Amino acid sequence: MKFILDNWTLLLIALSSGAMLLWPTLKGASAVGLSPNAAVLLINREKAVVVDVSDAADYAQAHVSGARSVPLDQLEARLPEVVKNKALPVIFVCAKGSRGGPAVKTAQKLGYQQAQALSGGLKAWKEANLPVETA
């Protein structure tokens, strides 16, 4: 007990440095979705389908090359006609990545078990210098 009282600053430094070492791991565990590079691998290797869940104006401004437009509010009705094969991976993209999570939940409810969201959305895609199209 005397050691703890005499060296409380050293113990505080040790605990805070341990917390700082764990922070990236904990932060990474909370992040959901695919990185742009992982998405490209899925597209090239497993023929993943990219679905842009942005509204029509955002989709017209810019979208992932080859992405199909299905606004989030129409996803439940239109996804089965856009992606007929439920075994294929489906990657959901929007402008900033905020609509991907709800899109994945909707797709999984419809039976698309390989549905994933692009982490960071179109913004992350552009930052990775990957191709985009405009309407």
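Coordinate-derived values only; no laboratory data. Being a predicted model, the structure only gives us computed values, none of them experimental. All Cβ positions, even for glycine, are placed from backbone atoms using ideal geometry, and neighbour counts span all protein chains on display.
Listed by chain and number, the aspartates and glutamates whose C-alpha is less than 19 Å from the C-alpha of Lys105, apart from same-chain residues fewer than 8 away, are Asp52, Asp55, Asp73, Glu76, Glu81. Ranking of Met20, Met1 by neighbouring Cβ atoms within 10 Å, starting from the fewest: Met1, Met20. The Cα-based radius of gyration and maximum Cα-Cα distance (Dmax) for region 56-126 are 11.3, 30 Å.
Which of the helices in the chain meet the span-like rule: DSSP H, Cα axial reach of 27 Å or more, Kyte-Doolittle mean at least -1.0?
8-30
Over the chain, DSSP H runs of length four or greater, each weighted -39,500 (n - 2.57), average out per residue to a 222 nm ellipticity of -15000 deg cm²/dmol. The calculated FRET efficiency for the pair Ala19 and Lys123, based on their C-beta separation and a Förster distance of 25 Å, comes to about 0.25. Take the chain, connect every pair of alpha-carbon atoms lying under 10 Å apart with a spring to form a Gaussian network, then pick out the residue of Ser17, Ser65, Ser119 with the largest mean-square fluctuation. In the Gaussian network model the winner is Ser17.
Each 5 Å bin, from zero up to the one with the longest distance, holds this percent of the alpha carbon pairs of region 6-135: 2, 11, 19, 20, 16, 9, 5, 4, 4, 4, 3, 2, 1, 0, 0.
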